[in-house]
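Chemist: Mind looking over this structure? Questions follow.
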Amino acid sequence: MVKIKNFIDTPSQTAGPFLHIGCTPSITGINIFKDELGSTPFKNISLNEEINIKGKIYDGNNDPIIDAMIETWQCDENGKYFNYQGFSRRVTDFKTGEYQLKTIRPGNQINENGTISPSYILFWIVARGMNRPLITRMYFDENEIKSDVMFKNLSIQDRLKTLIPYTEDKKNFVFDIHLQGKKETIFFEF
Amino acid sequence: MIKKHQPLRRFPDYKSSIVRSPENEPLLINFSNSEITGPLFNKNILNENDNNLILNFSKNGEKALGQEIFVHGFVKDENGNPLKDVLIEIWQANAGGKYRHQNDPSNTKLDENFGGCGRFITSSDGYYIFKTIEPGAYPYPNRGIEWRPKHIHFSLFGSMFLQRLITQMYFEGDPLIKSCPMVNSIPDINARKLLVGKLDLSKTDKEKILGYRFDIILRGKQQTYFENKIEGS
Ligand SMILES: [Fe+3]
C-alpha cells in the first residue's frame with residue numbers, strides 16, 4: 001500500500017570538503033559549541049568490553065578518501081537502541097584517510113516481528129563527490145549473515161564478505177570500505 | 001531504482017562523483033530498528049548564540065562582515081506535520097567566499113569575527129531561525145574552474161536515521177544556480193527549486209535584516225522499494 005504523500009522530501013546535496021566546520025568544528029579550530037557531537041558512542045566504555053575499529057574508504061582510483069565523515073549508529077550489547085547513546089561521528093584523517101572508532105560490540109538485534117538479526121553497526125557516509133549519503137553495515141560474522149533471512153536468497157552471496165571486518169583477536173577490527181571495483185562494498189537503500 | 005527528486009549518485013558533470021559513487025545498484029532492504037531509531041539531541045547542548053553566526057565567533061563583540069540576513073523556516077514530514085526537536089547544523093563560507101578551514105586553498109581573507117557554523121533545535125511547531133551573513137560564491141576545480149552558487153550547508157537529524165539529511169540552501173535569484181552540476185544532479189527540475197531559499201520580506205525584525213525562507217521536508221517510513229515496485233509493474 002502506498003500512502004498519499006503531500007510533499008516530497010528535500011533533495012540531498014553533497015556535504016562538500018569542508019563539512020568539518022559544521023559537524024566537527026574543533027578540527028578546524030572552531031571551539032564555540034558546548035560539546036562536539038558523537039565524540040564517543042558510549043560514555044565510560046570499560047577496557048573489558050571495548051572494541052576498536054579502523055579503516056579507510058577507497059574511491060574508484062583506489063585512493064583513500066581524506067575528507068569523508070562517517071556517522072555510526074548501533075544498539076547496546078543487549079540489542080536495544082537508545083536515543084542518547086550509540087551514535088558516533090568520525091572523520092577520515094586529512095593525510096592518511098583513516099578513521100578510528102572505539103565502541104562496544106552490539107548485541108543481536110531483536111526485530112519488531114520477533115526475529116533476530118545478526119549484530120551490526122550502521123555506517124552513514126558523506127563526502128565531497130557524494131550527492132547522497134552511502135549507507136552500509138559492518139557485521140561481525142560472515143556465517144551469521146549468510147544464514148540471515150535478509151540475505152539468504154540474494155544473488156550477492158559472493159559480496160557479503162565486504163560487510164565483514166578483518167580481525168585477529170575479536171577486539172581490533174579493520175573495516176575498509178570500497179566504493180568501486182572488485183571489492184565494492186554492499187551499500188543499502190531503504 | 002531512481003527517486004527523481006533525489007540527486008543521482010553518479011553525475012559526470014560533477015567530476016568527483018565519478019570515482020566516489022558505487023558501480024552496483026544499492027541493495028533495497030526493509031528498514032529495521034537501526035533505521036527507525038536515531039540519536040536525539042536535547043536543547044541543553046545549545047548556547048544562546050549558537051544560531052547567530054554574526055556574533056557566535058566574535059572577538060570583543062564585533063560583528064562578522066557582510067550583508068546580514070536571517071534564514072528561517074519550518075521542518076516538516078512528507079504529510080506536512082511539523083517536526084520538533086530536529087537538530088539543524090549549518091556551515092558556510094564568509095562574505096568573500098572563504099571557509100574557515102585548513103584545506104580551503106582560496107587566498108581570500110578570513111574574517112576574524114566569523115567562524116561559519118551554527119546550531120539550532122526546532123521548536124514544537126518545527127520552526128528554526130539563524131542569523132548570519134550572506135556567503136560569497138567561490139570557485140572550485142571541476143571541469144576547469146567553476147563557481148559554486150552562494151549556499152549554506154544544512155545538516156538535519158530527525159527522530160530516526162531514515163530522516164538523516166545533509167543538503168544545501170541556495171539563494172533566490174542567484175544566476176549561478178542553473179549551471180551548478182550539484183543542483184543539476186537532481187533529475188526532477190521542480191525538486192531543484194526546493195533547495196532555493198526565497199527572499200522573505202514579511203518578517204519585521206527589529207534589526208531590519210534581510211530574510212530568506214527555507215522549508216525542509218524529511219522523509220517518513222514509506223519505503224522506496226514499494227514505490228518503485230508499483231511504478232515499474
Ligand atoms: Fe560549500
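Just so you know, all these numbers are worked out from the coordinates, no wet-lab data involved. Everything numeric here is computed off the predicted structure, so don't read it as measured data. Reconstructed Cβ throughout: ideal geometry from the backbone, glycine too, with neighbour counts over all protein chains shown.
Chemist: Can you pull a Stokes-Einstein diffusion coefficient for region A:34-178 at 25 °C (0.890 mPa s), Rh from Kirkwood over Cα pairs, as a whole number of µm²/s?
Modeler: Diffusion coefficient, whole number: 153 µm²/s.
Chemist: What chymotrypsin sites (Phe, Trp or Tyr not before Pro) in region A:69-145 are in a loop by DSSP, with at most 15 other Cβ atoms within 10 Å of the Cβ?
Modeler: Sparse-neighbourhood loop chymotrypsin sites (Phe, Trp or Tyr not before Pro): A:Phe82, A:Tyr84, A:Phe94.
Chemist: How long is the gain from B:Asp125 to B:Ile209 if the chain were fully straight, where each residue apart is worth 0.36 nm and the alpha carbon distance is subtracted?
Modeler: 27.9 nm
Chemist: Using a 7 Å offset from the Cα along the Cα-to-Cβ direction at both A:Lys152 and A:Asn52, what is the distance between the two label points in nm, to one decimal?
Modeler: 3.9
Chemist: Choose one of A:Thr40, B:Leu40, A:Ser117: the residue whose Cα lies farthest towards the positive end of the charge dipole of the protein assembly as shown (beta-carbon charges +1 Lys, Arg; -1 Asp, Glu; about the Cα centre).
Modeler: B:Leu40
Chemist: Rounded, prolate or oblate for region A:16-59? Axes are the square roots of the Cα gyration tensor eigenvalues, ordered a ≥ b ≥ c, and the cut-off for rounded is a/c under 1.5. Present the calculation step by step, with values, prior to reporting the outcome.
Modeler: Details: a/c = 3.66, a/b = 1.33, b/c = 2.75.
Oblate is the answer for region A:16-59, as a/c is 1.5 or above yet b/c matches or exceeds a/b.
Chemist: In addition: Which value, in debye to the nearest 20, describes the size of the charge dipole of region A:34-178 about its Cα centre when Lys and Arg Cβ atoms bear +1, Asp and Glu Cβ atoms bear -1, and nothing else is charged?
Modeler: The dipole magnitude comes to about 200 debye.
Chemist: Among B:Trp147, B:Trp91, which comes first, then next, by fewest other beta-carbon atoms within 10 Å?
Modeler: Exposure proxy ranking, most exposed first: B:Trp147, B:Trp91.
Chemist: Let me ask something additional. Please list, by residue number, every one of the trypsin sites (Lys or Arg not before Pro) in region A:147-184 that is coil in DSSP and has at most 15 other beta-carbon atoms within 10 Å.
Modeler: Taking region A:147-184 and a limit of 15 other Cβ atoms within 10 Å, the loop trypsin sites (Lys or Arg not before Pro) found are A:Lys170, A:Lys171, A:Lys182, A:Lys183.
Chemist: If you place +1 on the Cβ of every Lys and Arg and -1 on the Cβ of every Asp and Glu, how big does the dipole about the Cα centre of region B:1-108 come out, in debye to the nearest 20?
Modeler: Roughly 280 debye, rounded to the nearest 20.
Chemist: Right, something else. What does the charge dipole of the protein assembly as shown about its Cα centre add up to, to the nearest 20 debye, if the Cβ of each Lys and Arg holds +1 and the Cβ of each Asp and Glu holds -1?
Modeler: Magnitude of the dipole: close to 580 debye.
Chemist: Would you mind computing Rg(Cα) / (2.2 N^0.38 Å) for region A:12-85, counting N as its residues?
Modeler: 1.36
Chemist: Between A:Lys170 and B:Asn44, take the C-beta separation as r, use R0 = 51 Å, and let me know the FRET efficiency to the nearest 0.05.
Modeler: With R0 = 51 Å, the Cβ-Cβ based efficiency is 0.85.
Chemist: Which net charge results for the neighbourhood of B:Phe157, defined as the other residues with beta-carbon distances under 10 angstrom from its beta-carbon, given Lys and Arg at +1 and Asp and Glu at -1?
Modeler: Local net charge: -2.
Chemist: Find how many whole Å separate the alpha carbon centroid of region A:16-47 from the alpha carbon centroid of region A:145-179.
Modeler: The distance from the Cα centre of region A:145-179 to that of region A:16-47 comes to 29 Å.
Chemist: Within region A:145-177, whose backbone N sits under 20 Å from a point 7 Å along Cα→Cβ of B:Glu23?
Modeler: Once the point is set 7 Å along Cα→Cβ of B:Glu23, A:155-164, A:176-177 turn out to lie under 20 Å by backbone N, inside region A:145-177.
Chemist: Evaluate the distance, in nm, between pseudo-label points positioned 7 Å from the Cα of B:Asp174 and of B:Asp188 along their respective Cα→Cβ axes.
Modeler: 2.2
Chemist: Excluding residues fewer than 8 places away in the same chain, name every one of the aspartates and glutamates whose C-alpha is closer than 16 Å to that of B:Lys109.
Modeler: Qualifying aspartates and glutamates at Cα under 16 Å: B:Glu134.
Chemist: Give me the net charge for the shell around B:Lys63: Cβ to Cβ below 12 angstrom, other residues only, Lys and Arg +1, Asp and Glu -1.
Modeler: It works out to a net charge of -3.
Chemist: Before rounding to the nearest 500, sum -39500 (n - 2.57) across all DSSP H runs of length at least 4 in the protein assembly as shown and divide by the residue total; then give [θ] at 222 nm in deg cm²/dmol.
Modeler: Mean residue ellipticity, 222 nm, calculated: -1500 deg cm²/dmol.
Chemist: Now a separate question. Counting other Cβ atoms within 10 Å of each Cβ, which trypsin sites (Lys or Arg not before Pro) in region B:97-164 have at most 16 and sit in a DSSP loop?
Modeler: Hits after loop and neighbour filter: B:Lys109, B:Arg143.
Chemist: Among residues other than A:Asp158 whose Cβ falls under 12 Å from its Cβ, what is the net charge (Lys/Arg +1, Asp/Glu -1)? Don't skip to the end; give the middle numbers.
Modeler: Values: positive: A:Lys146, A:Arg159, A:Lys161, A:Lys182, A:Lys183; negative: A:Glu142, A:Glu184.
Within the 12 Å Cβ shell, the charges total +3.
Chemist: List the residues of region B:48-85 whose backbone N lies under 20 Å from a point placed 7 Å from the Cα of B:Ser202 along the Cα-to-Cβ direction.
Modeler: B:69-84
Chemist: How many angstrom lie between the C-alpha centres of region A:69-112 and region B:71-143?
Modeler: 26
Chemist: Rounded if a/c is under 1.5, else prolate if a/b is larger than b/c, else oblate: which is chain B, with a ≥ b ≥ c the root eigenvalues of its Cα gyration tensor?
Modeler: Judged from the Cα gyration tensor, chain B comes out oblate (a/c at least 1.5, b/c at or above a/b).
Chemist: How many lysine pairs does region A:34-178 hold where the Cα atoms are under 20 Å apart and the two sit 8 or more places apart or on different chains?
Modeler: Counting lysine pairs in region A:34-178 gives 23.
Chemist: Right, next: Between B:Asp13 and A:Glu144, what is the label-point separation in nm under the 7 Å Cα-to-beta-carbon projection?
Modeler: 4.5
Chemist: Dividing the Cα convex hull volume of the protein assembly as shown by residue count, how many Å³ per residue is that? Each step should come with its number before you reach the end.
Modeler: On the way: hull volume 64.1 nm³, N = 423.
Here the figure is 151 Å³ per residue.
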